[in-house]
Each structure stands twice: as structure tokens, then as C-alpha cells.
Amino acid sequence: MANIAKKNTAAVTAQEVPVHVGVIMDGNGRWAKKRNLPRKFGHREGAKNFRAITRHAKAVGVKYITFYAFSTENWKRPKDEVDSIMELFEKYLDEVRDFVEENIRIRFIGDRSALSETLRRKMAAVEEDSKDFNAMTLVLAINYGGRDEICHSVQQIAKMVKAGQIEPEEITQELIEKNLYTEEIPPLDLVIRPSGEQRLSNFMIWQAAYAEFYYTNILWPDFKNEDFDEAIKAYSERNRRFGGV
Ligand code: IPE
Ligand code: IPE
Ligand code: MG
């Protein structure tokens, strides 16, 4: 009964807050196009937004937030667009250091081998400097693809089998999970996708197996704290069954 009463109010209680939220930051290009600006202006605006939403998510009580910033498929875009996105990452990796003072741990998921030396160095440094923080974990998915991640996990496991460390029968879901980029990060509870698209686009396909999906037509640069609250509220009203009754 208490539950029904609660759902009539806008406030969401602690236990209804998702532990891990994933955000597919989509719609930057369309945001710029609407204003007759080059696409890179949309990316610049979108990048500003992720810091505000991170702080808000922490205030709401979210423990892990993952932002999909660049997919393994996004290299297909024109070189100047890719270059401007990479430049933004460098800039934001400097600014993201502010979070270190807010007890936020920062982690990166994705294949780093294709990224520049400078970027990789900055990523490793910020991960190292924030590794003991525990108020919230901010995960940035850069050159990330869910299929690529699973492939990478399988390769690690194949090496173990080849070395005679384990038998093929000993390959479990836990072992596959342990070798994903998200080791020690819990599965997704809620995936938010702005811009109206209703697809995962290779985002955390393993970890999202039982996530609730929320989409909105708002473009990512226009997505504000109130929109995040709407998503959390929608989540709190879902009935997750995980295959049970
Ligand atoms: C998301 O915005 C940012 C990245 C994929 C890097 P888009 O650039 O995909 O924006 P739209 O979908 O073209 O509007
Ligand atoms: C998904 O957006 C990737 C990121 C937000 C980083 P896309 O814009 O690349 O996805 P599609 O092409 O519309 O599926
Ligand atoms: Mg897009």
C-alpha cells in the first residue's frame, strides 16, 4: 500500500533510485543542424551537459553513471567530425579532474589502442588519481562497442584455456563478466536515450540485458536535470521481474 501512495508523489525514495544508469548521449548533430551550425558545435554543447548531469545524478543518489561518448562505429564519420570529438575529449579530461575533488571515481571503458597517446595518458592518470573515491563512479565509454567488449573478453578466456589454466566447461557467465571492461561495475538498471531513437546502438549489450529502457525526444544538449528526474521517476514505476513472476 505504502508503495502506491509513494508513486503518486514526484519524490522518489532511495530504494527506487537505480544503482547504475547508462546515458546514450545522442542528438548533438541534430541540435546543431536546427541552429544552422556545424555538427561540432552540437558536440561541444553536449560535452558541457554531461558534467551537469553527473553532479545531479550524484545528488539524486545514483552510484554509477556511464556515458556513451564515442562508439566503435563512430569512426565511420567524416574525419573532421571525429577530430573535433577527440579534441573535446582531451579538453574534458582536464576538466573532469574537478570531479576528483568531489569524491567521484572516474573509469573508462572501450578499446584504448586506437586513441592518441595524449588521451591515453590523461585517461590513465585520472583513473589512478580517483581510484580511492567512492561517492559515485563516473564511467566514460570512449571507442566502446558492446560486441567488441565481448570479443575482447572471449580472447582473454581463450588464452587461459590455451595455457591450460581452465577447461572450456569452466567458462561461466561470471568469467565472461570478469573479463569485460566493466569488471566490478554492476549491471545497468536504467538506460536513458535522448533524441528519440529507440535502440541500443551497441551500448553495453551484456550489461543491459535486464535494464529498463527510457527514451525521450529531447536532444542531448537540451537534456536537463528535470529530464533526468523524469527518467528516474519512470524507472521507479516500472515492475522489474528478471524472468520471475
Ligand atoms: C551523439 O550525437 C554524439 C556521438 C555519437 C559522438 P550525434 O552526433 O549522433 O547526433 P545526431 O544523432 O547526428 O543528431
Ligand atoms: C550512439 O549514437 C553512440 C553514441 C551516442 C556515442 P549514434 O548516433 O552513433 O547511433 P546510431 O548511428 O543512430 O545508431
Ligand atoms: Mg546520433
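General remarks:
- Simple label model, 7 Å out from Cα along Cβ direction - Lys79 to Lys224, nm: 4.1 nm
- Size check on segment 120-245: the Cα extents along the three principal axes, sorted descending, read 53, 45, 27 Å.
- In Å, descending, principal axis extents of the Cα set of the chain: 57, 51, 35
- Shape call, segment 40-167: gyration tensor on alpha carbons, a/c limit 1.5: oblate
- Maximal additional length on extending the Lys34-Glu184 stretch stands at 50.0 nm, based on 0.36 nm per residue less the C-alpha distance.
- Sequence-distant lysines (8 or more away, or on other chains) whose Cα lies within less than 27 Å of Lys91: Lys33, Lys34, Lys40, Lys48, Lys58, Lys63, Lys76, Lys79, Lys122, Lys131, Lys224
A short reminder: the numbers here are calculations on the coordinates, not readings from a lab. Please read all numbers here as calculations on a predicted model, not as lab measurements. Note that we place each Cβ from the backbone using ideal geometry, even for glycine, and neighbour counts take in every protein chain shown.
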